[in-house]
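See structure below.
The values are calculated or read from the model by the stated rules, or taken from the named source; none is laboratory data. Every value quoted in this text rests on a predicted model; they were computed, and no experiment measured them. Here the Cβ positions follow ideal geometry from the backbone for every residue, glycine too, while neighbour counts run over all protein chains shown.
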Amino acid sequence: MKDKAQGPFAEAAAQMHKGFPVLVKNGVQDRAQLERLYPEGITAKQFVTRANERVLTDDGEQGMHGKQGIGSTTERHQGQVAAAIYANCAQLDKRQLDEIIEWVRLYKK
């Protein structure tokens with residue numbers, strides 16, 4: 001059964017980047033595309049929790065411990081956010097990244 005939360009999340013991410021090519025549809029990318037987007041060496045393996053548990057697969061899809069679809073409901077949501085960051089932030093400038101960080105901080109208040 002498909003996680004209903006994935007649809008609205010993917011739709012919201014697409015709306016955020018309206019006017020730009022959508023790089024990820026359901027988290028699927030090929031290795032060559034990832035290498036072109038992340039020449040600085042940012043890898044999916046760097047997206048870990050404080051307990052050093054991976055939240056993304058090698059291809060940048062949601063997956064606790066690097067295994068697609070694994071995790072509790074909140075862990076899957078965390079992985080979906082991580083996948084969106086991994087897939088889209090390389091194209092953004094520092095100002096845009098700072099704005100996104102501020103949006104996330106709204107939820108910590």
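Looking at the stretch 20-37, can you tell me whether even one residue there is at pLDDT 95 or above and more than 11 Å from the chain's Cα centre (by Cα)?
Within the stretch 20-37 (the criterion being at pLDDT 95 or above and more than 11 Å from the chain's Cα centre (by Cα)), the answer is no, since none of the residues qualifies.
Listed here are the residues, each with its yes/no results for (1) modelled with pLDDT of 95 or more; (2) surrounded by 12 or more Cβ atoms within 10 Å (Cβ to Cβ); (3) touching a strand residue (DSSP E or B) at 6+ places or on another chain (Cβ under 8 Å).
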| residue | (1), (2), (3) |
| --- | --- |
| D58 | no, yes, no |
| G63 | no, yes, yes |
| G66 | no, yes, yes |
| I70 | no, yes, no |
| A82 | yes, yes, yes |
| Y86 | no, yes, yes |
| A90 | no, yes, no |
| K94 | no, no, no |
| W103 | yes, no, no |
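When the stretch 59-80 is examined, which residues are found to be at negative phi, in a helix (DSSP H, G or I), without any contact (Cβ under 8 Å) to a residue 40 or more places away in the chain and not hydroxyl-bearing (S, T, Y)?
M64, E75, Q78, G79
How many residues does the stretch 81-109 hold that are over 18 Å from R50 (Cα atoms), of a type in the set (S, T, Y) and assigned to a helix (DSSP H, G or I)?
Counting residues in the stretch 81-109 that are over 18 Å from R50 (Cα atoms), of a type in the set (S, T, Y) and assigned to a helix (DSSP H, G or I) gives 0.
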